[in-house]
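So the structure is just underneath, and the comments pick up after that.
The values are calculated or read from the model by the stated rules, or taken from the named source; none is laboratory data. Nothing here was measured: the structure is a model prediction, and the numbers come from that model. Using ideal geometry, Cβ is built from the backbone for each residue, glycine included, and neighbour counts are taken over all protein chains shown.
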Amino acid sequence: MTIYRATVLDTPGELGRPHGLRTDSDCALVVHDGTITARTDIATARREHPADEEIDLREGLLLPGMIDTHVHFPQVRALGGLGMPLLEWLRLRALPEEARLVDTAYAREVAKEFLGGLTTSGTTTAMVFGSHFPQAVDVLFEEAEQTGLRITSGLVVSDRILREDLLLDPAATLEAGRQLARRWHGRGRLRYAVTPRFSLSTTDEMLAAAAELFHEQQAGLAGELWFTSHINENVDEIAQVRELFPDATGYLDTYARHGLVSPRSILAHNVHPQPEELTAIAAAGAAVAHCPTSNSALGSGLFPLREHLDAGVQVALGSDVGAGTGFGILKEGLQAYFMQQLRGPAGIQLGAADLLHLATRSGALALGLADEVGDLSTGKQFDAIWVRPRSGGTLQTVLRHADDAEDTLAKLFALGASADIESVWVGGQEITHHRPTAVGLAPEGAA
């Protein structure tokens, strides 16, 4: 066992709950085989576990691991493509880069860069848009298994509109998806997601094939598969989808009529939903990945968070690398705050606790992992990040003058960056190279 002594901040309740931030200024988390077995004070932890290693993290803040509900594996090297709306950005920046992953060696380089970006930014769990090439998806899962991150991903499928080298026919994608799911779904911390790119690039035949894979019961699979795709991101995209599916009631219906909207579904963006779509998403128990830096960079629009929450839709954060501006979920939280401020009376006044919830527990709820991760309660996996601001930096300065825990957290979202994340744990395994120095066995009666 290991005792982690730290100032611990998390949000175990519901989003928007008054006083939702739980703070323990000198907390002892006792971790055994990756699970938090006790959350108590340091004296009690030492008394009950006198022979256990103790790690002192009081120089910083201990938070739950960040959870990213929408991020693209092949787009790391496409980051920074500013000045273009969605469809132009896809054509000129994203898709040429995605096509390069046909080379397995290239895909492996990108996978390492991608997973490294998640890790150093404090992301411990992610719903990942995979590649259009089955061999590149295998590479992603292989590398993810080595890192220990919790990754849900799958083969991205399309059969129209995109570059020819990214298209497959429905029968081929169904078989490729089956094989990938058999190899990877439920293996350690990995899960498989059925992933049509978006309705714009998928025919009804392709969506039917996706639904067949999503719903079929395969022998040997550990649990049911997941589904993710894009929806209502950009007004031009929505108009084209309407033309391609004239009998659909809306963008959501292109998925829903194939049975693809369920509690195991995450829909990315949804910047321009119809009210009835929000009602249907909530009724299905699906979740929406809000990607604020991407929506801002591409000029897609201001996310209607109030309307989602009023309808009962589960919302979490996504970085949307590479249309977004990086892997940092702290930055996504800050941009989500900005967006709601810009909406004026239509927006929601988000507090620092809300931002932490959106960055952690909301993502765990969206991904069906709330019993395992998302906060640092007893019984949860020890997925955590140690934020330790750099000496002499502005963040360190302002944290010294914070009024209380809520103010501390607000300052962290305003100024925190990947460079301030010193250590990252997944399931009790330290996956960065900055492991804090243990203080050794706690001597009886030590302060």
- Query: Here are 250, 223, 299: which of them is touching a Pro at 6+ places or on another chain (Cβ under 9 Å) and without any contact (Cβ under 8 Å) to a residue 40 or more places away in the chain?
  - Reply: 250
- Within region 40-68, count every residue that is touching a residue at least 60 places away in the same chain (Cβ under 8 Å) and closer than 22 Å to residue 419 by Cα. 13
- Output for region 375-428, where each listed residue is part of a helix (DSSP H, G or I) and in contact with a Ser or Thr (Cβ under 7 Å, 6 or more places away or on another chain): 399, 405, 415, 418
- State yes or no: is residue 178 among the basic types (Lys, Arg) and either closer than 21 Å to residue 287 by Cβ or outside the structural domain of residue 286 (by TED's automatic domain parsing) (or both)? no
- Note on the structure: Expected output for region 74-95 (first residue within 17 Å of residue 156 (Cα to Cα), partner hydroxyl-bearing (Ser, Thr, Tyr) and part of a loop (DSSP other than H, G, I, E, B), Cβ below 6 Å, 6+ apart or cross-chain) is 74/131
- Message: Would you confirm, using the coordinates I've provided, whether residue 190 is surrounded by fewer than 22 Cβ atoms within 10 Å (Cβ to Cβ) and either of a type in the set (Phe, Trp, Tyr) or free of Cβ contacts under 8 Å to residues at least 40 places away in the same chain (or both)?
- Response: no
- Note on the structure: Considering region 232-241, residues that are in contact (Cβ under 8 Å) with a residue 40 or more places away in the chain and either in a loop (DSSP other than H, G, I, E, B) or among the small types (Gly, Ala, Ser) (or both), and then whichever is nearest to residue 263 (Cα to Cα), we arrive at 232
